[in-house]
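Student: Encoded as structure tokens, here's the structure I'll be asking about.
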Amino acid sequence: MLVRKLRLKNGWSQAQLAEMAGVTTRTIQRIERGHPASMETNKALAAVFEVDLSQLQPEDDTMKDDATLQHDEQRALQYAKRVKSFYEGLITYLVLAAVFFYFGYDEPLLYWVFGGIGLGLLVQGLIAFEKISFLSPGWEKRLVERKLGRKL
């Protein structure tokens, strides 16, 4: 994970990093997926990134923290996707409502349709901003734990 962050920070592709470190692109891909690197590879990467070798060789406790951080990062990404989806829906709703009502489509059915869509959008927003937890990732986890009879 650290190798990927350093590579992206420098704006390098995996192939560029591999060439500079004298390893294969496949080796960089494996390291970025969490596979351990050899001492020689770590030395080469430390030299390329101009960092201390110990930064590329995390101890077991650090690896556990990284796993938690990855989980936290995944939850944060899920949250961001839900919020983004809500805002996309809200913008679409507002644009369509403005167009329909501006051009004089004054049908009672149209009010019902936009009212229903607006209500659905409100529920989506409450779920996206985690004001209600029904059908959220936490709800799914609790459901799986209940089915398995143990904590995940």
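The values are calculated or read from the model by the stated rules, or taken from the named source; none is laboratory data. From a predicted model like this one, the values you see are computed outputs, not experimental measurements. With ideal geometry, Cβ positions are generated from the backbone for all residues, glycine too; neighbour counts draw on all protein chains shown. Only protein heavy atoms, including side chains, enter the accessible area calculation; ligands, DNA and RNA are left aside. Shrake-Rupley method; radii C 1.70, N 1.55, O 1.52, S 1.80 Å.
Student: For the chain, just the Cα atoms, rotate onto the principal axes and tell me the three extents in Å, largest first.
Tutor: Each principal axis gives a Cα extent; for the chain these are 73, 46, 22 Å.
Student: Could you grab the relative contact order for the chain? Cα pairs under 8 Å, six or more apart, rounded to a whole percent. List each step's numbers first, then the result.
Tutor: Working: 68 pairs, mean separation 21.7, N = 152.
Relative CO of the chain lands at 14 percent.
Student: Between K151 and Q57, how high is the FRET efficiency from 1/(1 + (r/R0)^6) when r is the Cβ-Cβ distance and R₀ = 30 Å? Nearest 0.05. Don't skip to the answer; put the middle values down first.
Tutor: Working: r = 32 Å, r/R0 = 1.05.
Efficiency, rounded to the nearest 0.05: 0.40.
Student: Here's something else I'd like to know. Just grab the label-to-label distance for T25 and F103, each label 7 Å out from Cα along the Cβ direction, in nm (one decimal).
Tutor: Here the modelled spin labels are 4.8 nm apart.
Student: Taking a quarter of the surface of the Cα convex hull of the range 1-48, what do you get in nm²?
Tutor: Quarter of the Cα hull surface area: 2.7 nm².
Student: Next question. Between K9 and F129, what length comes free when the chain is fully extended (0.36 nm per residue of separation minus the Cα-Cα distance, one decimal in nm)?
Tutor: Full extension of this stretch gives 40.2 nm more.
Student: Another question, if that's okay. How many nm separate the modelled label positions at H35 and T92, each set 7 Å beyond the Cα in the direction of the Cβ?
Tutor: 4.0
Student: Counting only protein heavy atoms and using a 1.4 Å probe, what share of the accessible area of the chain belongs to carbon plus sulfur, as a whole percent?
Tutor: So the carbon and sulfur contribution to the accessible surface is 60 percent.
Student: List every DSSP H helix in the chain whose Cα atoms extend 24 Å or more along the helix's own long axis and whose mean Kyte-Doolittle hydropathy is at least 1.6. Kindly include the intermediate steps, with their values, before the conclusion.
Tutor: Numbers: long enough: 60-102 (62 Å, -0.28); 108-128 (30 Å, 1.69).
Membrane-span-like by this rule: 108-128.
Student: Another question, then. Have a look at V123, L143, V95 and report the one farthest towards the positive end of the charge dipole of the chain, computed about the Cα centre with Cβ charges (Lys/Arg +1, Asp/Glu -1).
Tutor: The Cα lying farthest towards the positive end belongs to L143.
Student: Also, I was wondering about something else. Pull up the cross-link candidates among the lysines for K141, meaning alpha carbon to alpha carbon under 21 Å and not fewer than 8 places away within one chain.
Tutor: K64, K81, K131, K151
Student: Something else now. Using the per-residue mean of other Cβ atoms lying within 10 Å as a proxy for protection, in what order, highest first, do the peptides 16-26, 140-150, 115-125 fall?
Tutor: Put in order of decreasing packing, that is 16-26, 115-125, 140-150.
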